1. Of the conditions (1) under 30 Å from A:G250 (Cα atoms); (2) of a type outside the set (K, R); (3) modelled with pLDDT of 90 or more, B:M204 satisfies every one except a single condition; which number is it?
2. Here is a check on your reading of the model: is B:A273 modelled with pLDDT under 85, out of contact with any His (no Cβ under 7 Å at 6 or more places or on another chain) and surrounded by 15 or more Cβ atoms within 10 Å (Cβ to Cβ)?
3. Could you tell me which of the residues A:A389, A:A381 is more than 25 Å from A:D351 (Cβ to Cβ) and at pLDDT 95 or above?
4. Given the stretch B:1-113, what helices (runs of 4 or more DSSP H) lie entirely inside it while holding 2 or more residues that are within 11 Å of chain A (Cβ to nearest Cβ) and not hydrophobic (A, V, I, L, M, F, W, C)?
5. Go through the stretch B:116-149 and give me each residue that's assigned to a loop (DSSP other than H, G, I, E, B) and at pLDDT below 95.
6. Please work out if B:V103 is assigned by TED's automatic domain parsing to the domain that holds B:S290, of a type outside the set (D, E) and surrounded by fewer than 18 Cβ atoms within 10 Å (Cβ to Cβ).
7. From A:R171, A:R214, grab the single residue that is assigned to a helix (DSSP H, G or I) and surrounded by fewer than 23 Cβ atoms within 10 Å (Cβ to Cβ).
8. Answer yes if at least one residue in the stretch A:394-408 is buried (at least 24 other Cβ atoms within 10 Å of the Cβ) and outside any helix (DSSP H, G or I), and no otherwise.
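The values are calculated or read from the model by the stated rules, or taken from the named source; none is laboratory data. Quick caveat: nothing in here was measured; it's all calculated off a predicted structure. Cβ sites come from the backbone with ideal geometry, for glycine too, and all protein chains shown count toward neighbours. Protein only, heavy atoms only, side chains kept; ligands, DNA and RNA dropped before computing areas. Shrake-Rupley method; radii C 1.70, N 1.55, O 1.52, S 1.80 Å.
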Amino acid sequence: MKPAKTWLARIAGVLLAFAALNGAQAASDKTLRAVVHADLKILDPTWTTTYITNRYGYLVYDTLFALNSKFEPRPQMVDTYSVSDDKLTYSFTLRKGMTFHDGQPVRAADCVASLKHWVVRDMMGQMLAKVTADYEVVDDLTFRLKLKEPYGLVIDTLGKPATPAFIMPERIASKPATEQITESIGSGPFMMKRDEWRPGNKAVFVKFANYIPRSEPPDYMSGGKIVKLDRVEWLYIPDNNTTLSALMAGEIDYFEAPPLDFIKLLQENSDIKVLNIDKLGVQFVLRPNFLAPPFDNFKGRQALLYLVNQEEVMQAAVGNPDLYLKFCGAYFLCNSANETQIGSEPMRKPDYAKAKQLLTEAGYKGEKIVLLLPTDRPQYAAAVTVLGAALRKAGIAVDMQSADWSTISVRRARKDPIDKGGYHIFITTQGGPDTASPVANTWFGSGCDKANPGWPCDPELEPLVTAWTRETDAAKKHELVEKIQARGYVSVPYIPYGQFFQPIAFRSNIKGVLESGQPVYWNIEKQ
Amino acid sequence: MLGFIIRRVLATIPVMLVVALVVFLLLHLSPGDPAAIIAGDNGTQEDIERIRATLGLDRPLVLQFFTWIFDLLQGDLGVSVYNKVKVTTLIAQRMQPTLSLAVFTMVFAVSLAVPIGILAAWKVGTWVDHAIMGFAVIAFSCPVFLIGYGLVFEFARKWKILPVQGFTPIEQGIGPFLSHLVLPALALGLVYMALLSRMTRSTMREVLGEDYIRTARAKGLDERAVLLRHALRNASVPIVTTIGLGIALLIGGVVVTESVFAIPGIGRLTIEAVTQRDYPVIQGVILVASMVYVLVNLAIDLAYGLLDPRIRY
C-alpha cells in the first residue's frame, strides 16, 4: 500500500473508532439528561427566589398542598384537613408511611418547624405569619394551625408553587433563618447525589425508592408523583447553540428553556417535540421608579400606558407569533382565574400626544429619561429598545444606559437621584401562578419603602389587596380583583408589557412530560 | 541554578500580593452585588440586605480585604458565596478538564506547527510555503467559536463521529476521554498552531541563512541533519519563547472553547464567577492562574539553559 493510502486508512480507522465510542455513549437507558436554564448554585429553597432552586426543591422535597390545573390547592403530603366553624383553626393530618431521604419518618413536628422557617422568608408566608396565633403538634401525623383572625388564603399559601413551603426534617428547619441550608434531605420523589454534584456543570438526582406517591393521577403540580426514571442528570450548558446541537445529536434528552428563536427549527425536526407546559406564561414588567420625577406623579406613570404597543414589544423580544399574546391587559395574567381587562384601555393603541400631555402635566420639562438596558438579557434589551423608540416618538429625550444584568440588579435597588446613578425605568419578567395572585405578585405590591425596587406607593391599593386575602367567597373575590386592577391602572405600580410563553423541547422518545407550569421530572419515561 | 530558582520563586510572592490587591479592589469597586443575584429577580430589598449581611459584604472594605489575606496566608481561598463549596475544591474539580484540554491542544499544535514551519522555511517561496502560510493566516484570523461551531456541525451533527459537547474524566475510559477532547483541541489549537508555525518559519529562515548552515551543507551532511540538528536547535529559543507566550493565548482561548464545547473547566468557572460576582471564586481563580503563568515563565527560562549552552544562571 502506498504511504498516502496507509495514512488515509489510519485516519479512517481512528474516525470509525470515535464514531463507535460516540454511538455507545448515546445508548438509551433510564437516565434523563436535561439541560436546565441555569446552574444550580444554591440548595436552600428558602434562601433565594431563583427558579432553578425552586425546581430543585420540587425534586428533593414535597409540599403539604399543591396546585391542580385549575389552580386549586389540593392535598399533597396532607391526607385530610379540616377547618373549624369559626375558621380560626386548621387541622392537618399527614399521609402515613412518608419518610425523608435519611430514612427518618415525616412527622407533624417536621412540618411545623418547616413552616416556621419558611414564613420568615416568603412574602405570602409572612402574611400568614401575621395572622397566625400558634402551631400545635397533636401527634406524629397531626398538627394544627391556629389563627388570630379568619384568613382566606391559608390553603393557597401552603400550596403556592413558587418558593413554596417545602417540608424538611425538624433538625434542619430549626436552624436560624439567617443560616443557609446546605443539606439536601427532603421527602420528595428524587434524592440528590451530593457526591456527583459539580457546581457549574452537573447535578444528579436518583429515584427515591421509598417515596409513596398519591393514588390520584398527576394534575399540574398535584396528584401522584410516580417516578419512571432511575436518574435525572441536570446539565448546565451556557451556550444555547451547543445545547441545540447536543439535543439534535441525541446527546441530551431535554432542553428546558430553548431560546424562542430556535422553536421553529426544533418543531421542524421529527426527532424532537416542542411543548408549552405553562399556559400562564411569562409577563414583561415595565417598572417606573416612583422616586424619580416625572414618575413620582401618577400622571407621569399613566403617560407610559399611552406608549404601549404590546405586539411591537413581542415581535422584538419574542418574534414567533405562536408564542405570545397580541394583547393582554391583565395585571394578574391572561388565562388565569384572575384575568380581567378592566382599566387597560389606554394600552390598546399608542397615543403619543396624550402621553406627552400627561408627562407635561406631571412636571416633565425635557430632561432625559434614563432606561436601564441589560446587555446580557436579549429579550429585556429588545423590550427596552422598543420603549425607547416609543418615548422618542412622543418627543421625550431618552438616555439608554447599558450594563450587564448583575449590575442592573444592584443599580435598580438604589434610591439615588438621577444625576447620582439613579434611573427612571427598568424591565423585568415574572410568571406562574404567583403572578396571577394580587397578594403574591411581588411587582404589584405597592407598600412604598417595603415594595420591590421602583418602590410603588399607593395607600389605597393595599387595603383592597388585604380585603381580597380575607374574602372567602369566589364571586366577591373576583369583584375585588377587578377593583384592585382598576386601581392599579390609576396608580400604575408597573405596566404589563406583554405576555409570552416559553416552551420546552425534548427528544421524541421521551414520554409523559406533564403540563405542570414548570418542569417536573415525575411521570416522565424514556422509551 | 538552584539559587536562580529560589530567587525567582521568592520574587513571585510580591507579584502575587500585588495581583491579590488589584483583583480585590477591582472586584469590590466595580458595580454588581452577589446578594442581589442570590435573592433572585423576585427577591425583595429585605432579602438582599439579609443576604448581604450574612455574607459579610456589609463590612468595611479594608476589613474584608485583611480577612481574605489572613485566610489566604493560611492556604484558605474561602468558599463560594453561592454554593458554600470551598474555592480550592471548585478549582480542583475544574482542573482536570482544563489541563487535559491545554495539554492536548499543546501537543497537537506544537507537533504539527513546528514541522510545517520547518517545511515552509525549507521550501520558502514555493507553493508549499505559500499554502502553509495561507492556511496559517486563515487559521489565525478565524475566531475560536466560529471554528468550534463549524467542527461541531461537520463532525458531530453531520457525520456523528464525535460528541458535540462535554468532558469525560480519564478514569471513565481513555476512549470517551479522548473523543471529547478532539474537537475542542482542534478548535483551540488551530490558532495556536498558526502562530507557532509562522514563528518557526521566520526563525528557521533566519538561521538557514547563517554561514554555519552553508558549511554543514558544504561538508556533505544530509538535509535532515542540517535542518533538525543544526538549524532547529539554534532556532529553538524564540520558538520556545513563543510556546510560553502562547500559554497566555491558551488561557484566553480556553474560556471560549470551554463555553462552546460545554467543558466544565477553569475558563467557564471564571466566566460564571465574574458574571455572578462570586468574589472568592474570582479571586482564587485569578491567583491560581497568575501563579501558573509565573511558573510557566520560570520553566521556559530554565529550558533556555538546556537548549542554548551559552545561557547559564
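1. (1)
2. Values: modelled with pLDDT under 85: no; out of contact with any His (no Cβ under 7 Å at 6 or more places or on another chain): yes; surrounded by 15 or more Cβ atoms within 10 Å (Cβ to Cβ): yes.
Considered against the rule, which asks whether it is modelled with pLDDT under 85, out of contact with any His (no Cβ under 7 Å at 6 or more places or on another chain) and surrounded by 15 or more Cβ atoms within 10 Å (Cβ to Cβ), B:A273 comes out as no.
3. On the way: A:A389 fails: more than 25 Å from A:D351 (Cβ to Cβ).
Only one candidate qualifies: A:A381.
4. Values: elements: B:2-29, B:34-39, B:45-55, B:61-73.
Qualifying helices (runs of 4 or more DSSP H): B:45-55.
5. So the first thing to find is which residues in the stretch B:116-149 are assigned to a loop (DSSP other than H, G, I, E, B), and the list is B:123-126, B:142-143.
Result: B:K123, B:V124, B:G125, B:C142, B:P143.
6. On the way: assigned by TED's automatic domain parsing to the domain that holds B:S290: yes; of a type outside the set (D, E): yes; surrounded by fewer than 18 Cβ atoms within 10 Å (Cβ to Cβ): yes.
Yes, satisfied.
7. Values: A:R214 fails: assigned to a helix (DSSP H, G or I).
On inspection, the qualifying residue turns out to be A:R171.
8. Restricting attention to the stretch A:394-408, the residues satisfying the condition of being buried (at least 24 other Cβ atoms within 10 Å of the Cβ) are A:408.
Narrowing further to those that are outside any helix (DSSP H, G or I): none.
The answer is no; no qualifying residue exists.
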